[in-house]
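J.: Quick one: the structure is below, and I'll ask about it shortly.
The values are calculated or read from the model by the stated rules, or taken from the named source; none is laboratory data. Predicted model, so just to flag it, every value in this text is computed and none were measured. Cβ placement follows ideal geometry from the backbone for every residue including glycine, while neighbour counts extend to all protein chains displayed. Protein only, heavy atoms only, side chains kept; ligands, DNA and RNA dropped before computing areas. Shrake-Rupley method; radii C 1.70, N 1.55, O 1.52, S 1.80 Å.
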Amino acid sequence: MAQQMKYFYELTISSSPHAHSPVTTQTIMRDVLIALTPALIGSIYFFGFRALMVTLVSAAACVFFEWGYCKIRKQPCKTYDLSSVVTGVLLAFVCPVSIPYWTIILGDLFAIVLVKMLFGGLGKNIVNPALAARAFMFSWPAAMTKWVWPGFENAPSIIGATTDAVSSATADAVSVATPLAAMHVGQLPDCSILDAFLGNISGCLGETSALLLLIGFVYLLYRKVITARIPVAYILTVAVLSFLFPKGNDPVAWMAYQLFGGGLMLGAIFMATDYVTSPITKLGQIIYGVGCGVLTIVLRYFGGYSEGVSYAILIMNTCVVLLDRLGRPTPFGVPKKEAQKK
């Protein structure tokens, strides 16, 4: 009896609720990687084997930098949660396939160390690491704007540590305009809407195929990893504004190219829905998505660069603290007026 009482008093009792869920950071990140797989396969099909190599190098570099930071700071290493792998894949997806390896590795260093780990690690960064790294990598604009036509046979061999390393013939081949570049000056692109939807266009290696990204979107919805509020609000806002203001072109065609010709689908589905840098309230998520859409159109129409998705999401990331104040439920038992004062 004494032994039983002793055992009883050694129990650790915690307060309720006592809940268990199979969902972990690792399972969520694994589902995101599965959802990105169709777009990765499409990038290999359109741009060659180098698309896979750039993605693998980026993912491996992110894992290495997080591991190295934890070792230097003598902190627990949690690279097994796959969050750094997702960051590396997403960063590769928003770069051209011709990006020099050293450039994307520097971007990985910036994303993991400066944007994520120095702010406290996973869950504490205030902006999306992959998009912040992409903005940083425009310190090398020539490397970040060398576009390859799908099916260009020499694309896998463009490892170009420097611009001078690319031959004149290859440079001509990769210096093509993206659909958004043509639209930036008020012209419709030469490619068909179907090509833009399928991904048979020049652009970043993981963002060109709207179809394959939408397949990943359906998977994430099925797995309940994300909700449709932010992506739908974002995409619908861009659709409405581009239809209403088509710069003198056919409104339907202009809207379709705005939706399929750039990084909108990738940004709306995989970047804007990042748990850490997006609102948690329903109303806040809708306003966040609408804000991303408005800023994307403003930046595409009036900015110096033809694409606006990355910067639109980064700007809205900084507004999440304010947006989380909107739509908060009233605590049970607290008068509504008193709750609004807090």
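J.: Assuming R0 = 35 Å, can you tell me the calculated FRET efficiency for the pair Ala253 and Arg328, based on Cβ-Cβ distance, to the nearest 0.05?
T.: 0.25
J.: Next question, about the same structure. Would you please put 275-286, 127-138, 219-230, 90-101 in order of how densely packed they are, using the mean number of other Cβ atoms within 10 angstrom per residue and starting with the highest?
T.: Ranking the peptides 275-286, 127-138, 219-230, 90-101 by packing returns 90-101, 127-138, 275-286, 219-230.
J.: Direction-averaged shadow area of the convex hull around the Cα atoms of segment 80-139, nm²?
T.: 3.9
J.: What is the sum of charges around Cys77, taking Lys and Arg as +1, Asp and Glu as -1, for the other residues whose C-beta is under 15 Å from the C-beta of Cys77?
T.: On the way: positive: Lys71, Arg73, Lys74, Lys78, Lys116; negative: Glu66, Asp81.
Every neighbour counted, the sum reads +3.
J.: Any chance you could run the full-extension gain for Leu118 through Thr37? It's 0.36 nm times the residue separation minus the Cα-Cα distance, nm to one decimal.
T.: Taking Leu118 through Thr37 to full extension adds about 26.2 nm, to one decimal.
J.: Another question, then. Stretched out fully, how many nm does the piece from Leu56 to Thr227 gain, at 0.36 nm a residue minus the Cα gap?
T.: In short, 58.7 nm is gained.
J.: Sticking with this one: Keeping all protein chains in place, calculate the accessible area per residue for segment 18-74 (probe 1.4 angstrom), answer in Å². Walk me through the numbers before you get to the answer.
T.: Working: 3170 Å² over 57 residues.
That works out to 56 Å² per residue.
J.: Alpha carbon centre of segment 71-140 versus segment 254-283: separation in Å?
T.: Distance between centres, Cα-based: 19 Å.
J.: Viscosity 1.002 mPa s, temperature 20 °C: what is the translational diffusion coefficient of segment 202-342 from Stokes-Einstein with a Kirkwood Rh over Cα pairs, rounded to a whole number of µm²/s? Spell out each step's value before the answer.
T.: Values: Rh = 16.0 Å.
The calculation lands on 134 µm²/s.
J.: Shifting gears a bit: If Val321, Val89 are ordered by their accessible area, calculated over protein heavy atoms with a 1.4 Å probe, which sequence runs from highest to lowest?
T.: Val321, Val89
J.: Extending each Cα 7 Å along its Cβ direction at Cys70 and Phe136, get the distance between those two points in nm, one decimal.
T.: That separation, rounded to one decimal, is 1.9 nm.
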